[in-house]
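Engineer: The structure follows.
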Amino acid sequence: MEINIPFSTDTISSDQRSEDIKYRAILSRGSLFYGLFDSNDKISHHGNISIDEIPKSSFLKKNTHSFIAATIAFNNNIFNFIPQNNVNNIDPFSCLFFSQSIFDKKKYEVLNSKNIRHELTLSFAVPKIIIKSINHHVSNCNYLHYQSAFIDSIENKKSMQTIAISIVSGIMNIALIQNGTLVLSNNYKVRNESDFYYYIALLFTQYELLKGQIHFILDGDFSEVKLDRIRFKNYFGNFPEMKNTTTYSHETNTHLLPLIHLNRCASLEAN
């Protein structure tokens, strides 16, 4: 049977109905990376869509797609972490807009997503017009921030200091974990090699980290930063552990691992 892809004119052939498939997508810096997962959480189809290539009229038309579960993760920098035991005592709306210097609150929707592993709630803001457009296309869609999926995916031994980095469409997600505890998690736009090394060096300076004593885990698309493993080792003392990455191209398969992170995190939150 034919399954229509949201925000696209593409269709795919599948032996399953869309009602039996999970739709997962990451919206990051003008691109939508999506994957379709079967009932066994195996990815059956994936791709990407440039937001600029979507006709503006399609955002206004109601063309709803139904899946057994649908989750879209936003990869922007308007977010804050709140300990779950303090969620009821903190106004995430005020916290977000104070820290991010965004003053027109009427244009934004504030959403929450839980991070299971670190017992945190991530509050994030998305323009209301984007939420409205997505709801026109995907029914019963849940929303997460990619940071939740990213930090949930990091495997850390309590005896190690770990810096994990995931780059999705030029947005660099970076986290520091010490003794099994999340110390910092943030994201930045990176356009070149200098940006990439600057933000890692900034973390070393802020937390007085020592060269050669950090375990690095990298995934995603590092083509824009032209990652060189030898140069990386010269700067920071260790070779990075690289998972499903490329340094040469923008091939969609470099985003498979982030989509798998998202599917796992969305499934955990649903339970």
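Engineer: Leaving out ligands and nucleic acids, and using a 1.4 Å probe, what accessible area per residue does segment 106-233 come to in Å²?
Structural biologist: Ligands and nucleic acids excluded, the result is 45 Å² per residue.
Engineer: Still on this structure: What's the Kirkwood radius of segment 193-234 in Å, using all Cα pairs?
Structural biologist: Its Kirkwood hydrodynamic radius stands at 11.3 Å.
Engineer: In 5 Å bins starting at zero, report the fraction of Cα pairs in segment 106-197 per bin as a rounded %.
Structural biologist: Binned Cα distances yield the sequence 3, 12, 19, 19, 18, 15, 9, 4, 2, 0.
Engineer: Which of the peptides 195-208, 219-232, 137-150 is most tightly packed, and how do the rest follow, going by the mean number of other Cβ atoms within 10 Å of each residue?
Structural biologist: 137-150, 219-232, 195-208
Engineer: How about residue 107: which aspartates and glutamates have a C-alpha closer than 19 Å to its C-alpha, ignoring those fewer than 8 places off in the same chain?
Structural biologist: In chain and number order, the partners are 91.
Engineer: Give me the number: length gained by fully extending residue 13 to residue 38, i.e. 0.36 nm times residue separation minus the C-alpha to C-alpha distance, one decimal in nm.
Structural biologist: In short, 7.7 nm is gained.
Engineer: Add +1 for every Lys or Arg and -1 for every Asp or Glu among the other residues with Cβ under 12 Å from the Cβ of residue 170, and state the total.
Structural biologist: Local net charge: 0.
Engineer: Mind ranking 30-38, 167-175, 12-20 by how tightly packed they are, going by the mean number of other C-beta atoms within 10 angstrom, highest first?
Structural biologist: Descending mean neighbour count gives 167-175, 30-38, 12-20.
Engineer: Let me ask you something else. Distance check, please: which entries in 189/233; 22/243; 211/243; 106/128; 22/114; 114/243 exceed 18 angstrom between their Cα atoms?
Structural biologist: Exceeds cut-off: 189/233; 22/243; 211/243; 22/114; 114/243.
Engineer: Further question on the same structure: At R0 = 30 Å, how high is the FRET efficiency between residue 112 and residue 230 if r is their beta carbon distance? Nearest 0.05 is fine.
Structural biologist: 0.10
The values are calculated or read from the model by the stated rules, or taken from the named source; none is laboratory data. The structure presented is a predicted model; accordingly, all values stated were derived computationally and were not measured. No Cβ is skipped: glycine too gets one built from the backbone with ideal geometry, and neighbour counts run over all protein chains shown. Surface accessibility is based on the protein's heavy atoms, side chains included, excluding ligands, DNA and RNA. Shrake-Rupley method; radii C 1.70, N 1.55, O 1.52, S 1.80 Å.
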